[in-house]
Amino acid sequence: MAQKEFAGHMVDVNEEGYFTNPQQWNKEIAAAIAKEEGLELSDKHYAIIEFLRNRFISGEALSIRSINKSGIVDVKEFYALFPGAPLKKSTKIAGIPKPSSCI
Amino acid sequence: MKNILILGAGTAGTLIANKLRKRLSKREWSITIVDENKEHYYQPGFLFIPFGIYNQNDVIKPKAKFIPKGVDFIYSQIDKILPQENKVLIAEGKRELKYDFLIIATGTRIAPEETPGLLGELWHKDIFDFYTVEGAVALAERLKSFNGGKLVVNITELPFKCPVAPLEFIFLADTYFKKRGIRDKVELTLVTPLPGAFTKPIATKMLSGLMEEKNIKIVPDFNIAEVDNLNKKILDYEEKAVEFDILVTIPTNKGADMIERSSMGDDLNFVPTDKHTLQAVGHENIFVLGDAANLPTSKAGSVAHFAADFLEENLISAINGEPLKAKFDGHANCYIVTSYSKGTLIDFNYETEPLPGRYPYWIGPFGLLKDTRLNYFGKLFFKWMYWNLLLKGHHLPVTSHMSMCCKERPE
């Protein structure tokens, strides 16, 4: 298992850079990961991140579709906030595992 | 007299009805199964209809033929489950059925209405699904008159039933157009939300190789937002666009609407289910079998078939007030046809991705992740096994747990 430093904190990450221990996350760390991804986090970004973390912690599946249930943004806006691969980027910044798609 | 109620008489429901009728005393237990449709579909056969290999008669038989004596079959719409009261309302709420144990086996359906424009004016004219008999038959007609252009296969989102079917479809299309002598006039493209041809790395590598060999293009990381019927394009959320002459869609898959009416489902109406015991989360006397469950494995008949053995054991334990000891491992197993004469085979579970090797079997061994003629015939022979052995709950010569025997992990 690898470790990586964000905003002065050492965190455990897997080979793709996703957190293996979501407890190690905080907002400063999120901002540092976002910077690596070329993003500056706004309040809307943080609101989505909080939604994703809560959903992960309660054991619910994360999907692009579930963003519609957040009440924060719709899928199109989600793409605008995290361009390219919104779910992959946002979960990485949220300090939770990459959503696994089953076969 | 105590009651077991099974909702859904598809592959999962029929199979477990047969198993339980053999297992439980007729004097102590009545078994009732409810479904609104009278026809049983051999769904793996749908894939062959667009290419004229099978027709409707190959895939439809009466459901009643496969329900054993001693099981009451009620043809009715299912209104909703009232889990606190241990009963189910049917026939628009006019009738109620009480149960001691409930098995939900209502499967999954395609929900093209979830994607704007999919059910537009081109539906079943230039846009088709092959997950319904109607869609597969309409597509067969359209392909006959297709003499060249862009054929696009699009996966809307995960999960969807039989995850290898889109690949099989596109491989068969390749052979179909070659036979008609117009392969050079047809552009075949797979447009998928996945980063590659498949989800798991080793199988993806093998299947991507086959796609390249057959000159099939792939557009990865594409999440469809809408269909532009006028300009015949599909668009994703970032306005990426792919043009088509024929679009073959794998629409969003959802569980039965009845699950939503019962407030027992997740975002897609799949029932939260313990992935090892198959008990519905929060309901001690409800079990879930087949595609209706939210299990992190394939939605496929093979999963329902393997899971049925574990469900049967756990139901018996629950009846006897004992802890649920049987642990399902997520075992799935799929043939993948790669042309009119060859196929490959994958075998996997929650923990182990599809690996190459051999699959030991009475007329095998079949090649895992290998492209062979025997695998193709295995797939065709399976139709006979399905109607004659599997649905009736007879033992098939394969193990329910996945076996690591004869699998190889590549370097």
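Nothing in this text is a laboratory measurement; each read-out follows from the coordinates by a stated rule. Because the structure is a prediction, the values reported are computed rather than measured. All Cβ positions, glycine included, derive from the backbone under ideal geometry; neighbour counts span all protein chains shown.
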| Reduced Cα scattering model of the protein assembly as shown, Debye log10 I(q)/I(0), q = 0.08, 0.10, 0.12 Å⁻¹ | -0.54, -0.85, -1.22
| task | For the stretch B:59-79 and the stretch B:335-406, write down the distance between their C-alpha centroids in whole Å. | result | 28 Å
| Exposed chymotrypsin sites (Phe, Trp or Tyr not before Pro) absent: longest stretch of chain B, with sites in DSSP loops and at most 14 other Cβ within 10 Å deemed exposed | B:1-360
| query | 222 nm [θ] for the protein assembly as shown, helices only, -39500 (n - 2.57) per DSSP H run of 4+, per residue, to 500? | reply | -8000 deg cm²/dmol
| For helix B:373-385, what angle does its Cα long axis make with the longest principal axis of chain B, in degrees from 0 to 90 and rounded to 10? | 40 degrees
| said: Of A:N14, A:S42, A:A30, which is farthest towards the positive pole of the stretch A:2-93's charge dipole, taken about the Cα centre with +1 and -1 on the beta-carbons of Lys, Arg and Asp, Glu respectively? | reply: A:S42
| Two-decimal Rg/Rh of the stretch B:42-188 from alpha-carbon positions, Kirkwood Rh? | 1.08
| remark: Phi-derived 3J(HN,Hα) across the stretch B:277-285 with the Karplus relation (6.51, -1.76, 1.60, θ = phi - 60°), rounded Hz, x for Gly and Pro, is 8, 6, 7, 5, 4, x, 9, 5, 10
| message | Taking the 0 to 90 degree range and rounding to the nearest ten, how far is the long axis of helix A:27-36 tilted relative to the main principal axis of chain A, both from C-alpha atoms? | response | 90 degrees
| message | Can you give me the Kirkwood hydrodynamic radius for the stretch B:333-390, using every pair of distinct Cα atoms, in Å to one decimal? | response | 11.6 Å
| Which is the longest stretch in chain B that no exposed loop site breaks, taking sites as trypsin sites (Lys or Arg not before Pro) with a DSSP loop state and at most 13 other Cβ atoms within 10 Å? | B:126-324
| remark: Per residue, the convex hull enclosing the alpha carbons of chain B has a volume in Å³ of 140 Å³
| For the protein assembly as shown, size of Cβ-based charge dipole, Lys and Arg +1, Asp and Glu -1, in debye | 1980 debye
| query | the stretch A:1-60 to the stretch B:283-309: how many Å between their Cα centroids? | reply | 34 Å
| Cα-based equivalent ellipsoid, the stretch B:236-291: semi-axes from gyration tensor eigenvalues, Å | 34, 12, 11
| note | Interchain or sequence-distant (5+) residues whose placed amide H lies within less than 5 Å of the amide H of B:I6 are B:T32, B:I33, B:V34, B:I103
| Rounded to whole Hz, the Karplus (6.51, -1.76, 1.60) HN-Hα couplings of the stretch B:323-338, x for glycine and proline | x, 7, 9, 6, 10, 5, 9, x, 4, 9, 7, 9, 6, 10, 6, 10
| query | Taking the stretch A:13-49, which chymotrypsin sites (Phe, Trp or Tyr not before Pro) meet the DSSP loop condition and have no more than 10 other C-beta atoms within 10 Å? | reply | none
| query | Could you work out Rg/(2.2 N^0.38 Å) for the stretch A:54-103, with Rg from alpha carbons only? | reply | 1.08
| Unit charges on C-beta of K, R, D, E only; dipole of chain B, Debye | 1840 debye
| Helix axis angle, B:11-23 relative to chain B longest principal axis, alpha carbon, degrees | 30 degrees
| query | Do the alpha carbons of any pairs in B:K61/B:K200; A:K76/B:K80; B:K26/B:K325; A:K89/B:K125; A:K92/B:K205 sit beyond 28 Å of each other, and which pairs? | reply | B:K61/B:K200; A:K76/B:K80; A:K89/B:K125
